[in-house]
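First up is the structure itself, then whatever we jot down about it.
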Amino acid sequence: MKQRIVLLSLVFLIAACASPLHANDTAPSNKERAVALIQSIESGDPGPAACINPKKYIQHNLMIGDGLAGFGEALSQLPEGGAKARVVRAFQDGGYVFLQTEYDFFGPKVGFDIFRFEKGLIVEHWDNLQAIAPKNSSGRTQFDGPAAVADLDRTVENKALVKGFVEDVLMGRNPGRITDYIAPAHYIQHNPAMGDGLEALGAALKAMADAGTPMRYTANHMILGEGNFVLSVSEGEFLGSHSAFYDLFRVENGRIVEHWDAVEEILPREAWKNGNGKF
């Protein structure tokens, strides 16, 4: 019954979202729409979900059914009044918006969400979630650090830098070039298992390899950026499991200087609630 009420509310509000604006109204940006949608998880306001396209909503969260019906079912399963969502960083790249969010539903999580828009409506969604861990050895959390966008004129250049880093270093095409991409003396790390600097990164990767569970990146599926922030979406293996890697980088003067991430195990095919795949 709760799911039916949620869906009826969404259908009604979608009609309102699609109706023409009055002359004095200003349409929100896609970034503002996406942030409002995430915040509505906590507020319970169904209004922001009105900008999901009811005829085309492709879902890549493998635990949620496809389309508006799947979204409504997921909302209905959240603990009433108990879900939390705080958007920490928000970026836009053309028709894509990508967010980093502090969640608390069925336990505290760090999450990255990607929304694709067409004509002001959300038509596709990807995400990655990981449990929140204590501060790393450098005293950094999975959320702290800068959030303001700068260097908008260098977006294309910064995306190319991160793409090269992922292919050369993380995917192993030419790992010796790591210092071409990362500033050795100024690399800030927010991964809970690693400290600042290249030495700590190397030590953590070696420890996983020595334990027989190396971290492997096998494919890169998406590079999105706005100014000095670039998000990479990749596939590979982590702790022996097929996994998705969402890596957010901050770039400064042509080098990567800061990193946040979320790693999530990819469910086996028989457990998927939609047929769209993780990527």
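Bear in mind that the values in this text are calculations on the coordinates, not laboratory data. These figures come from a predicted structure and were not determined experimentally. Every residue, glycine as well, gets a Cβ built from its backbone with ideal geometry; the counts of neighbours run over all protein chains shown.
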Measure off 7 Å from each Cα along the Cα-to-Cβ vector at Ala185 and Glu118, then give the distance between these two points in nanometres to one decimal. 5.1
Can you compute the modelled spin-label distance between Asp151 and Ser43, with each label point 7 Å from Cα toward Cβ, in nm? 3.4
Label-point separation, Arg269 to Thr218 (7 Å along Cα→Cβ), nm: 1.3
The chain -> Rg/Rh from Cα coords, Kirkwood Rh, value 0.98
Lys163/Ala211 FRET efficiency (R0 30 Å; Cβ-Cβ; nearest 0.05): 0.55
Using the Kirkwood radius over Cα pairs, work out the Stokes-Einstein diffusion coefficient for the stretch 152-265 at 4 °C and 1.567 mPa s, in µm²/s as a whole number. 92
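For a 22 Å ceiling on Cα separation, which of these pairs sit above it: Lys135/Lys273; Lys56/Lys278; Lys119/Lys278; Lys31/Lys56? Before the final figure, lay out each step's value.
Working: Lys135/Lys273 34 Å; Lys56/Lys278 17 Å; Lys119/Lys278 24 Å; Lys31/Lys56 19 Å.
From the list (Lys135/Lys273; Lys56/Lys278; Lys119/Lys278; Lys31/Lys56), the Cα-Cα distance tops 22 Å for Lys135/Lys273; Lys119/Lys278.
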In debye to the nearest 20, the charge dipole size for the chain, taken about the Cα centre with +1 at each Lys and Arg Cβ and -1 at each Asp and Glu Cβ, equals 420
If you bin the C-alpha pair distances of the stretch 91-146 every 5 Å from 0, what whole percents do you get? 4, 16, 22, 19, 15, 12, 7, 3, 1
